[in-house]
Amino acid sequence: MPLPLPHGFESLQAIDEAYNPRLRVADVDAAAQRQAQRSAQAQRELPYSAGVPYGPTLAETVDIVPARRPGAPVFFFIHGGYWRANAARDFAQVAFGPHAMDFTIVLVDYALCPVVTLDEIVRQVRAAAAWVLRNIGEHGGDPRRVVIGGHSAGGHLGAMLLNTPWQAQYGLPDDPFAGAVLVSGLYDIAPLRYSYLQPAIQLDDGIVLRNTPLSFVRPCRTPVVLTWGEREQPAFEQQSTRMLEAWHAAGNTGELMPQPGADHLSAIHGFEDAASPLCAAMRRMAEAAAP
């Protein structure tokens with residue numbers, strides 16, 4: 001008799017349908033074209049500096065868009081792609097809104113599955129965050145006002161940053177971030193082991209245990225906004241809802257922000273607009289952390 005699937009799923013097809021976001025995007029080709037055009041526009045129009053190393057491997061770089069004046073808050077953005085696709089430059093458009101608010105923006109690159117494991121991706125993103133906290137002052141940023149942003153798999157990686165024992169492992173304050181705005185994140189990755197993604201991401205019991213943010217939420221002073229597009233599959237709402245429940249159970253501060261009319265790809269469009277709810281949340285977090 002086959003073992004039961006996680007969370008009551010009745011079939012592998014049901015897991016695929018729950019977690020393939022392209023199924024709920026009305027025109028995937030048009031969405032991809034828009035993203036490519038807006039990303040190229042951001043790289044042309046903003047003071048975009050690509051490929052700044054934060055670690056020893058070729059994959060470990062960040063792209064930086066410095067603010068117009070020093071001492072600015074920092075937006076630390078982690079891209080999605082289910083840990084096996086995309087690069088920082090593909091999401092350069094998310095810098096438009098923060099730059100208009102006079103943030104310094106850091107877009108993180110990391111190696112991809114299956115060349116590396118999810119364990120290694122988490123290590124790299126933690127190393128990138130540690131590098132920013134120690135070095136962003138040289139690029140016009142204030143390390144006391146770093147706001148994490150993450151989309152999809154990047155939302156998962158952002159949650160892993162919040163759960164990191166920074167003092168014990170990096171010699172940094174345990175709650176070094178001003179806030180986090182995580183979009184359509186994946187906080188319980190167990191179902192994905194049985195999905196169409198498995199040949200690329202190659203999850204096993206140990207990887208799932210070590211890299212499921214819901215499993216080890218700690219007391220943390222960092223406020224969190226968990227958001228998703230209301231046109232996405234219910235699984236993405238459920239992921240955020242369960243994460244917030246665990247976040248609150250640990251005594252932490254957070255809120256849900258569903259986005260009416262948005263799908264998985266358009267749910268990050270708010271980062272392009274300084275007047276959007278996403279950017280307003282970032283601004284509040286940075287202002288609250290101001291010395």
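The values are calculated or read from the model by the stated rules, or taken from the named source; none is laboratory data. Just so we're clear, the structure is a prediction, and the values are computed from it rather than from any experiment. All Cβ positions, glycine included, derive from the backbone under ideal geometry; neighbour counts span all protein chains shown.
Segment 107-210 holds helices (runs of 4 or more DSSP H) entirely within its bounds, and those carrying 3 or more residues that are buried (at least 23 other Cβ atoms within 10 Å of the Cβ) map to 118-135, 153-162. Considering only segment 266-279, state which residues are in a loop (DSSP other than H, G, I, E, B) and under 15 Å from Ala42 (Cα atoms). Residues satisfying the conditions are Asp273, Ala274. Residues of segment 148-178 that are more than 12 Å from the chain's Cα centre (by Cα) and on the phi > 0 side of the Ramachandran plot: Gly171 alone. The residues of segment 64-91 that are more than 30 Å from Gln198 (Cβ to Cβ), crowded, with 19+ Cβ neighbours inside 10 Å and either among the charged types (D, E, K, R) or touching a Gly at 6+ places or on another chain (Cβ under 7 Å) (or both), listed by number, are Pro66, Ala67, Ala72, Val74, Phe75. On the stretch given as segment 1-33, residues that are over 22 Å from Trp83 (Cα atoms) and under 20 Å from the mean Cα position of the chain (by Cα) total 0. Restricting attention to segment 13-23, the residues that are within 19 Å of Arg193 (Cβ to Cβ) and either of a type in the set (D, E, K, R) or modelled with pLDDT under 95 (or both) add up to 2. Checked against (1) farther than 23 Å from Ala180 by Cβ; (2) buried (at least 16 other Cβ atoms within 10 Å of the Cβ); (3) in contact with a Ser or Thr (Cβ under 6 Å, 6 or more places away or on another chain), Pro53 passes all but condition (2). Could you please let me know if Ala128 is within 26 Å of Asp175 (Cβ to Cβ), free of Cβ contacts under 8 Å to residues at least 40 places away in the same chain and either among the hydroxyl-bearing types (Ser, Thr, Tyr) or out of contact with any helix residue (DSSP H, G or I) (no Cβ under 6 Å at 6 or more places or on another chain) (or both)? Here the answer is no, as Ala128 does not meet what is asked.
In the condition set (1) of a type in the set (Ser, Thr, Tyr); (2) closer than 25 Å to Asp90 by Cβ; (3) assigned to a loop (DSSP other than H, G, I, E, B), Thr222 is compliant with all but (2). Within segment 212-234, track down each residue that is closer than 23 Å to Thr253 by Cα and either surrounded by fewer than 20 Cβ atoms within 10 Å (Cβ to Cβ) or among the charged types (D, E, K, R) (or both). Thr212, Leu214, Ser215, Phe216, Arg218, Pro219, Arg221, Glu230, listed by residue number. Candidates Glu255, Glu287: the one that is under 29 Å from Asp119 (Cα atoms) and surrounded by fewer than 20 Cβ atoms within 10 Å (Cβ to Cβ) is Glu255. Asp263 meets the conditions (1) surrounded by fewer than 19 Cβ atoms within 10 Å (Cβ to Cβ); (2) touching a residue at least 40 places away in the same chain (Cβ under 8 Å); (3) not in a helix (DSSP H, G or I) in every case but one. The failed one is (1). Looking at the structure I just gave you, is Asp16 buried (at least 16 other Cβ atoms within 10 Å of the Cβ), among the acidic types (Asp, Glu) and part of a strand (DSSP E or B)? Taking the combined requirement at face value, the residue does not satisfy it.
The one condition from (1) out of contact with any helix residue (DSSP H, G or I) (no Cβ under 7 Å at 6 or more places or on another chain); (2) at pLDDT below 95 that Asp174 does not meet is (1).
Quick check: is even one residue across segment 27-36 in contact (Cβ under 8 Å) with a residue 40 or more places away in the chain, crowded, with 16+ Cβ neighbours inside 10 Å and touching a Phe, Trp or Tyr at 6+ places or on another chain (Cβ under 7 Å)? No, that holds for no residue.
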